1. Quick check on the range 68-81. Is at least one of its residues outside any helix (DSSP H, G or I) and within 22 Å of residue 150 (Cα to Cα)?
2. Quick check, is residue 65 closer than 30 Å to residue 149 by Cα, among the aliphatic types (A, V, I, L, M) and surrounded by fewer than 16 Cβ atoms within 10 Å (Cβ to Cβ)?
3. Please identify the pairs in which a residue from the range 40-54 that is hydroxyl-bearing (Ser, Thr, Tyr) has its Cβ atom under 7 Å from the Cβ atom of a residue that is assigned to a loop (DSSP other than H, G, I, E, B) and surrounded by 13 or more Cβ atoms within 10 Å (Cβ to Cβ), counting only partners at least 6 apart or on another chain.
4. Which one of these is outside any helix (DSSP H, G or I), out of contact with any Gly (no Cβ under 9 Å at 6 or more places or on another chain) and farther than 30 Å from residue 158 by Cβ: 41, 24, 29, 33?
5. Residue 91: within 27 Å of residue 158 (Cβ to Cβ), acidic (Asp, Glu) and in contact (Cβ under 8 Å) with a residue 12 or more places away in the chain, yes or no?
6. Within the range 109-126, is there a residue that is modelled with pLDDT under 90, touching a strand residue (DSSP E or B) at 6+ places or on another chain (Cβ under 6 Å), assigned to a loop (DSSP other than H, G, I, E, B) and not basic (Lys, Arg)?
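The values are calculated or read from the model by the stated rules, or taken from the named source; none is laboratory data. Predicted model, so just to flag it, every value in this text is computed and none were measured. Please note: Cβ atoms are built from the backbone with ideal geometry, for glycine as well, and neighbour counts cover all protein chains shown.
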Amino acid sequence: MIREAQDAALRDAVSVAILPHRSLSRVGLIVYLVAQSVVALGFACLAAARGIVLAPVFAVLALAATAWCVVRVWRATASGEIVTITPHDVEIAGAARVHYHPYWVRVRLREGRWPGWPCRLMLGSHGRETEVGAFLNDAERRELAQRLERLLHEANSRGGTQELGTR
């Protein structure tokens, strides 16, 4: 999911929020885990009543492992990236903060490492590159690349200087 917002404090700043798809809320996650536990433990208790006495123990172990994996994936989808473009700075805030001067930033879509792998969207200049939107699909990456190129062109045409900014 890609959202674009004009920054009210900085008139020339545009922020693009790049968020992974996350359709399950916290309440939905809890309801899912409770419903899965009720069904699995219900069948495990029926199996125990039929003579498979260790079924509830293995059901609890399987539910714990499944819940751990689902919660870990759910938490991982909470993180995204914010690309803020001004006439004097391009800031990529994700796992780490990276700054570039907008005049020198190039947007590249690199092919995947192997045939059939998704492409990679790279922003960079002067030999440094940062991958943006790794969790997006190929169509969304292409759309984001076009949007970022348009925003960078607008930022450069608004009067950004060609001298390198320092941070």
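1. Yes, the range 68-81 contains at least one residue that is outside any helix (DSSP H, G or I) and within 22 Å of residue 150 (Cα to Cα).
2. Considered against the rule, which asks whether it is closer than 30 Å to residue 149 by Cα, among the aliphatic types (A, V, I, L, M) and surrounded by fewer than 16 Cβ atoms within 10 Å (Cβ to Cβ), residue 65 comes out as no.
3. none
4. On inspection, the qualifying residue turns out to be 24.
5. no
6. no
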